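Participant: Have a look at this one.
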Amino acid sequence: ESFSEAFFNLGTLSTPFFWGIGLAFHAAKVFNYSPFFSKDWEDRQIKKYVEKEKEEADKYR
């Protein structure tokens, strides 16, 4: 194989690509960065599940 064929092989490029993705997720966790699941979202989900549980418990009283 020539240098360009070996360098641009999918197997050659996939390893650094996936390591980069893993490194980015690790950095986000280390620096407490969560653009999709913020603390506000978490609080809303907890309240939703607590209300649902209260409704279920009230059914059997």
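Coordinate-derived values only; no laboratory data. All values derive from a computational prediction rather than experimental measurement. As a convention, Cβ positions derive from the backbone with ideal geometry for all residues, glycine included, and neighbour counts pool all protein chains shown.
Participant: Note down all Cβ pairs under 8 Å where the first residue falls in the stretch 13-38 and is among the aromatic types (F, W, Y), the second is part of a helix (DSSP H, G or I), and they're at least six residues apart or on different chains.
Facilitator: What qualifies is Y33/A27.
Participant: Ok, one more. Among the residues of the stretch 34-61, which ones are within 28 Å of L23 (Cβ to Cβ) and surrounded by 10 or more Cβ atoms within 10 Å (Cβ to Cβ)?
Facilitator: S34, S38, W41, E42
Participant: With a cut-off of at least 1 residues that are touching a helix residue (DSSP H, G or I) at 6+ places or on another chain (Cβ under 9 Å) and among the hydrophobic types (A, V, I, L, M, F, W, C), name the helices (runs of 4 or more DSSP H) lying wholly within the chain.
Facilitator: Helices (runs of 4 or more DSSP H) meeting the threshold: 3-7, 10-30.
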